[in-house]
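This report refers to the structure that appears directly beneath it.
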Amino acid sequence: MTFKKIAELFTAAMMVANASTLLPASAEDTVLHNAGFENGTDGWSSFGGTSVVSSNAIFHGGESALFISGRSDSWQGAALSSLLQAGKTYQFDAWVFSQTSDTIQLTLKYTDGSGNAQYKGIGSADSAGAWAEINASYDVPADATDILIYFQTASGTNDFYVDDVTIKGEASWSTEALDKTPLKDVYAKYFKIGCAATPSEINTPISQDLVKHHFNSLTPGNELKPDAVLNQAGSQANGDNVTPAVSLDAARYTLKFCEENHISVRGHVLCWYSQTPDWFFKEGFRSDGALVSKEIMNQRLENYIKAVMDKMAEEFPNLDVYCWDVVNECYLDDGSLRKGGTDPNNQESYWSLIYGDNSYIESAFTYARKYAFEGTKLFYNDFNEYIPAKRDAIYNMVADLKEKGLIDGIGMQSHLDVGYPDANLYKQCLEKFNQLGLEIQVTELDITDYKNGADSAQQVQAYHDIVNAIIEQKKAGANITALVFWGITDGTSWRSDGSPLLFNADYSVKKTYEAVESLIPESEWGQTETEFETEEITETEATETESESEEITETEATETESESEEITETEATEPEEKPTESEAVEITKIGDATLDGTVNIVDVISINKAVLGKETLSQQALVNIDLNHNNKPDSDESLAILKYIVGLSSEDDLANF
Ligand code: XIL
């Protein structure tokens, strides 16, 4: 590329910056998805029971590609959901590879207006030991719902690879959520604010931006569950019948995202009756093996927990996994232990079956305590805990674990519905659990309204009342340390029919969000949660050894002090001794003005708009692009970044500008 060409590009970028409409949000060629499979599957997952992993055996760009194997039918492959929308046109570009000789096809699957499943070929390419490109455009029909795309072969069941997938189209999402004060800041003085997310829920630029903006805790939606982590072939290959093999293939994409963006992780879940393969409980790790003894299962449980902790530490040494749900859902609503049996779909538990009682819970906590990092909090998690019989059974079990020093907190899932439970019943559960003096986290909040629909007055009220109960308990001294919503938008929620969350499918802000935000007066909004948490933990620790009733009174007494002190401190230090911007904030990615983790022409446009005074860069954006350290954006910087984008300079050149 010549300098003249760069100058032309630069002028074009300046012109775009001058134009009255901003290109990226409405342009038809906005990149909606870009997958190089370097850190995992980038949101692509098994379609029809295949194995779908990131592999560095063969690749097109970078050093890895998506490897699809274990197929028993030609339609089986790798799928991507929750991206495409009805009535829109998309451009697809992807590279595919087969060692043998295959036609590899990208297929669109959706349900039409009459409720019938439809399968349409988008494009295909032939590969026989060389990379081939699929390049196609497709109009998704206006009546389509449940839309997904997947790669398959035209015939046969050979393994194949996919790499460098780009999907472009009209961005049809709202960015208004990014203009709100981050919810994690609104609640900074109270507790962490989190969401659950599967890889496909965080594979678009808007969802990543939204998560980075609002949440400081993330729970992988399915990817750290035993069925995602356990590897059957590897377990069998270990050969000793007690050492399960584990892999983070399914979780890697999400964990990497959290590590890179400094989002703390709730590990979910080590021991559960559901989403755990049956072969884990059988001789030889075979589905047709006999049930193993309690002794063997105990060794497997220990080795499993150790292996997960070791793998996490090895692959993600810088990730903050601040807690683990060690055991999930052991009790029934009547307070009895979940029944032993071999059919999880019928609510039966292999754990109860093999152990004959609830002693596996203590085993799991013993091993988690032994192998988890010091400082990682260990939780028991369950649902419907506001039902008194269930609540009390859990209370008693947890009290026993606490005596033994094995547990740090209770998770209240909180999958609720408008009308039940009422906030008072919910509050009674918080009160009861707080008597244990442990941490409490709301781990999976969603409130459906199947009858009146999204954002009904009843739903908004329910969010207001439940979250208010949580806040009141916190103020009364309960050690509530996180409020986590189970999902991000109503469109991809596991209970999407009941529209249970804070954001609409297009990422716009619901009234439920406003209700949650409005519960904290602006005067209490903050920016850091670390200070508050440290202070609070120290106070709780100080009172821990005393009797329960004294402890509650003392916590009540000190809580107000700590809050008011803290607010005063923040106010006092903020206006005058504010450090210079570049001292206060570290570069997240050099050249990245839009804070999406990448550097491209949109960053140049953004800088140019800032130079022209048409846009104000955030402090972080300014630090990322301030190559000449003059604390303001200028055209030297945008030209240098443009040169970098077109390959005429390196990241080092930007750093040493
Ligand atoms: C749910 C996931 O969200 C779904 O995608 C999956 O199909 C089933 O599990 N309690 C839990 C979570 O502890 O792990 C569950 O997650 C929801 C109920």
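The values are calculated or read from the model by the stated rules, or taken from the named source; none is laboratory data. The model shown is predicted, which means the values in this text are computed figures rather than measured ones. All Cβ positions, glycine included, derive from the backbone under ideal geometry; neighbour counts span all protein chains shown. The protein model used for the area step is the full one, side chains on, heavy atoms only, and it has no ligands, DNA or RNA in it. Shrake-Rupley method; radii C 1.70, N 1.55, O 1.52, S 1.80 Å.
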**Prompt:** Once you list every other residue whose beta carbon is under 14 Å from the beta carbon of Arg300, what net charge do they have if Lys and Arg are +1 and Asp and Glu are -1?
**Reply:** -1
**Prompt:** How much of the DSSP beta bridge set in the chain is antiparallel, as a percent to the nearest 5?
**Reply:** 60 percent
**Complete:** Note on region 31-169: the mean projected area of its alpha-carbon convex hull, in nm², is 7.3 nm²
**Request:** Pull up the cross-link candidates among the lysines for Lys339, meaning alpha carbon to alpha carbon under 24 Å and not fewer than 8 places away within one chain.
**Result:** Lys225, Lys282, Lys294, Lys390
**Item:** Heavy-atom surface of region 99-246, accessible at 1.4 Å and reported per residue (Å²)
**Value:** 35 Å²
**Item:** Proximal lysines to Lys189, defined as alpha-carbon separation beneath 25 angstrom and excluding residues fewer than eight positions away on the same chain
**Value:** Lys180, Lys212, Lys377, Lys427, Lys432, Lys474, Lys475, Lys510, Lys511, Lys578
**Complete:** Residues whose built amide H sits under 5 Å from the amide H of Ser137, excluding neighbours closer than 5 in sequence, are Phe92
**Fill in**
Exposed-loop cut sites defined as trypsin sites (Lys or Arg not before Pro) in DSSP loop states with at most 14 other Cβ within 10 angstrom; longest site-free run of the chain spans 1-285
**Request:** Please state, rounded to one decimal and in Å, the Kirkwood hydrodynamic radius that the chain gives when every pair of distinct Cα atoms enters the mean of 1/r.
**Result:** 26.9 Å
**Asked** Per-residue accessible area for Leu210 at 1.4 Å probe radius, Å² rounded to 10?
**Response** 0 Å²
**Request:** State, as an integer percentage, the relative contact order of the chain based on alpha-carbon contacts under 8 Å between residues 6 or more apart.
**Result:** 11 percent
**Message:** How large a share of the accessible area of region 247-324, in percent, is made up of carbon and sulfur atoms when the probe is 1.4 Å and the other protein chains stay in place?
**Reply:** 44 percent
**Prompt:** Of all chymotrypsin sites (Phe, Trp or Tyr not before Pro) in region 221-277, which ones are in loop regions per DSSP and have a Cβ with at most 13 other Cβ atoms within 10 Å?
**Reply:** none
